[in-house]
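A quick write-up on the structure given underneath.
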Amino acid sequence: MSLAEGQWSAVVEGHLTSPSGVRFVRRSSRIKRRDADAMIAAGTPLVLYYYGGAQLDYCDGAEAVERWKAVRDALVSQDPRPRGDVVWTGGCWVSEGGEELLLLTGRC
């Protein structure tokens, strides 16, 4: 599900509101694959944020699992070196109630 255009600036400012109205704030800006694997396995929603492709997609449930499988190998823990392929850095975002969200930022 694509998030509203108004969310673009919110992500840059370190917060995001899910489609159900839950507000998340950035807790970390770098995550390792194994930690992201555990989050997705636990049912954590996934957001793909890629400015170059005009993509800000919120996924949960089976859709989050499938999208994670598609981008998992491109997750890096450092800023990427330009190669032409999209690589993703990820971070954990958390709500006031302790809910987690995995947000991946795509870069070329």
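The values are calculated or read from the model by the stated rules, or taken from the named source; none is laboratory data. Keep in mind the model is a prediction, meaning the values are calculated, not measured. Here the Cβ positions follow ideal geometry from the backbone for every residue, glycine too, while neighbour counts run over all protein chains shown. When the accessible area is computed, the model is the full protein with side chains, heavy atoms only, and any ligands, DNA or RNA have been set aside. Shrake-Rupley method; radii C 1.70, N 1.55, O 1.52, S 1.80 Å.
For the chain, the longest piece that avoids every one of the GluC sites (Glu not before Pro) found in DSSP loops with at most 16 other C-beta atoms within 10 Å covers 6-95.
Dipole of the chain computed with +1 at Lys/Arg Cβ and -1 at Asp/Glu Cβ about the Cα centre; of 95, 44, 106, farthest Cα towards the positive end is 106.
Taken about its Cα centre, segment 1-70 carries a charge dipole of about 380 debye when Lys and Arg each add +1 at the Cβ and Asp and Glu each add -1 at the Cβ. Under a 5 Å amide H to amide H cut-off, with H placed in plane at 1.01 Å, what residues pair with residue 30 once short-range neighbours are removed? Those qualifying (amide H under 5 Å, at least 5 residues apart or on another chain) are 92. Normalised by the number of residues in the chain, the average gap of Cα pairs under 8 Å and 6 or more apart makes the relative contact order 32 percent.
The stretch between residue 17 and residue 34 holds 3.6 nm of extra length on full extension. This uses 0.36 nm per residue minus the Cα-Cα distance.
The mean accessible area for residues of the chain, using a 1.4 Å probe and ignoring ligands and nucleic acids, is 57 Å² per residue.
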